[in-house]
1. How large is Rg/Rh for the range 40-209, to two decimals, with Cα atoms and a Kirkwood Rh?
2. Within 10 Å, count the other beta carbons around each residue, average over each peptide in 13-22, 137-146, 118-127, and list them highest first.
3. Contour minus end-to-end for ILE173 and ASP144, with contour as 0.36 nm per residue of separation and end-to-end as the Cα-Cα distance?
Amino acid sequence: MREHRPPCRRGFTLIEAMIAMSILAIALLGTFIGLVEAARVAREGQLRQYKTELIDAKIQRLLLADKILLPTMVGGLQTVSNTVNARDIAIGTAPWIIDPSAPDSTAIPSTGPMPGDLGVGAIFRVMPDGEIRPLAGTFTSCADATIPTGAYCRELLLQNKIVLPTSAQNTSIQAQVDAVNARTTTLWIRISRVGEPRNFAVVERKVLVL
């Protein structure tokens, strides 16, 4: 008679368990990296929103002003090289000028009433609850070492003529404007966050014809 033996039940070996744990670890690492990247993108979007708000407040104030008085409101009319795009000029470097308007004193100190006028002032900080407050002080440029890291700095530039007036796409436009003795200027506004590279700055421009 044959002896009946039950089938042998084989479990996981140590090597198989280690391989499974390695695969699980790689999957968890990928998930963690994805979460970190998502948080970074969300943070950058939030910072960009603050910069855009400061740009919008200033540009609305300037566009509603008498254009004849515009040069006195932005530090004068500047000449930019025909081969240079103003957005490529380093933060805190001429012909960019730090916003010369005085900050809204009613929003200083941080216990003052809000929202305050964000269309004036040059240096701002964002409170933990998201409120934007101007900072008092005398600052020479957005590269001033006395500006706290993380603060937002607003620069202005009223450029003589349109952007790159001798470029292929703009030469004919500038010539037509010059033919009728009109004057073209380009209003630039740039918001940068101290400690961040220039490519993180938000820039807005408006071409004006007088």
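No value in this document is a laboratory result; all are computed from the given coordinates. Here the structure is a predicted model, which means the values were calculated and not measured. Ideal geometry is used to build each Cβ from the backbone, glycine not excepted, and the neighbour counts take in all protein chains shown.
1. Values: Rg = 16.8 Å, Rh = 16.8 Å.
Using only Cα positions, Rg/Rh for the range 40-209 is 1.00.
2. Details: 13-22: 9.9, 137-146: 14.0, 118-127: 20.5.
Answer by packing, highest mean first, reads 118-127, 137-146, 13-22.
3. Working: separation 29, 0.36 × 29 = 10.44 nm, distance 3.76 nm.
Here the answer is 6.7 nm.
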